[in-house]
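The values are calculated or read from the model by the stated rules, or taken from the named source; none is laboratory data. Remember, it's a predicted structure, so these values are computed and weren't measured experimentally. Neighbour counts are summed over all protein chains in view; Cβ atoms, including those assigned to glycine, are modelled from backbone coordinates with ideal geometry.
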């Protein structure tokens, strides 16, 4: 019997399992399909909220902590597994419309570099600095040069390999059907044809987390939100930075691949791709990068993000089941928040001090509702 069973082998589950294995625990991961191939695979890998000034401190604090771990984390994974997650600082270029005053104030308060560039995309940049502009121009874009990205499918592959190297057991195509609990403790979990037991359990099943909790979900709100993405291929990298306009983005990979995303659709557990989304994304992308107007996407896919009120994930112990923990509900930012969330949960399990106040991530149970 393992010390821990982690339910869900996406980025969050894998990162959590890795952290526990590093602490010397024995860990089994259960994945309903294939490890790392749901929302963790489908996303874009931008290591920042799309516009950080539009998010509360609760989100940005966790993102800042998690992204501070990323350089060392991905370098160690690459060295140990031979799989390069392609972490690199590429910058994020935010196109109008945006609230310039809010952006400037947020960057100044958080010591985040910000410069101006001409839009449409140009090699001519405005004078660096964020205090000399009194009026937002129609052609003015904001560059956050410190924003990084990671190639999330490769990160998942590296995490899977590293978990196995450290003795973790990943059981794929194993859907958890029910938590068997008595006397405020999970005794076992039901999977097809049998029950599995561990000392402690961690639920990191993304959009499926509430369903697995069943009667123990209380008032927690985690639901699927579909996002669709297109993939293009250029002979060489077509852009230097991620380009963002409101909630749509272009993500250039080093090998010339370009991701165009993404939709935000409240359609339940429906992963079907749609012509409407393809048209929306391709038309927008063609306006931003005219070369795309005459190109067809190589692929079109979707993923189901685990959405929560205010985009605030649930990280910590279940209020009543004393050996159950939850690390879920990261919405768009599971990849971004993965190492930080794993560290926070491990600190709680090991009863260690936290790097900052983590109580906001335990309010999702809404016991007063």
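Can we say residue 341 is within 15 Å of the chain's Cα centre (by Cα), at pLDDT 95 or above and over 28 Å from residue 72 (Cβ atoms)? So residue 341 fails the test.
May I ask you to verify whether residue 103 is touching a residue at least 24 places away in the same chain (Cβ under 8 Å), in a helix (DSSP H, G or I), buried (at least 20 other Cβ atoms within 10 Å of the Cβ) and not assigned by TED's automatic domain parsing to the domain that holds residue 338? Steps first, please.
Numbers: touching a residue at least 24 places away in the same chain (Cβ under 8 Å): yes; in a helix (DSSP H, G or I): yes; buried (at least 20 other Cβ atoms within 10 Å of the Cβ): yes; not assigned by TED's automatic domain parsing to the domain that holds residue 338: yes.
Judged against the criteria, residue 103 is a match.
Screening residue 73 against (1) assigned by TED's automatic domain parsing to the domain that holds residue 11; (2) surrounded by 15 or more Cβ atoms within 10 Å (Cβ to Cβ); (3) farther than 15 Å from residue 343 by Cβ leaves a single unmet condition, (3). Determine, yes or no, whether residue 279 is more than 21 Å from the chain's Cα centre (by Cα), at negative phi and at pLDDT 95 or above. For residue 279, the condition - more than 21 Å from the chain's Cα centre (by Cα), at negative phi and at pLDDT 95 or above - is met.
Residues in segment 179-209 that are touching a helix residue (DSSP H, G or I) at 6+ places or on another chain (Cβ under 7 Å) and loosely packed, with under 14 Cβ neighbours inside 10 Å: there are none. Restricting attention to segment 330-364, the residues being more than 22 Å from residue 266 (Cβ to Cβ) and assigned to a loop (DSSP other than H, G, I, E, B) number 10.
With respect to the stated conditions, residue 250 is over 23 Å from residue 12 (Cα atoms), buried (at least 20 other Cβ atoms within 10 Å of the Cβ), in contact (Cβ under 8 Å) with a residue 12 or more places away in the chain and not assigned by TED's automatic domain parsing to the domain that holds residue 332.
Looking across segment 252-271, the residues that are in a loop (DSSP other than H, G, I, E, B) and touching a strand residue (DSSP E or B) at 6+ places or on another chain (Cβ under 7 Å) come down to 256, 262, 263, 264, 266, 267, 268, 269, 270, 271. Taken as a whole, segment 310-329 holds at least one residue that is closer than 27 Å to residue 241 by Cα and either assigned to a helix (DSSP H, G or I) or without any contact (Cβ under 8 Å) to a residue 24 or more places away in the chain (or both).
Going by the structure shown, is residue 50 in a loop (DSSP other than H, G, I, E, B) and either in the same structural domain as residue 302 (by TED's automatic domain parsing) or farther than 30 Å from residue 191 by Cβ (or both)? Even if it seems obvious, please write down each step before you answer.
Values: in a loop (DSSP other than H, G, I, E, B): yes; either in the same structural domain as residue 302 (by TED's automatic domain parsing) or farther than 30 Å from residue 191 by Cβ (or both): yes.
So residue 50 fits the description; yes.
Considering each residue of segment 83-90 in turn, none proves to be surrounded by fewer than 18 Cβ atoms within 10 Å (Cβ to Cβ), within 16 Å of residue 341 (Cβ to Cβ) and within 18 Å of the chain's Cα centre (by Cα).
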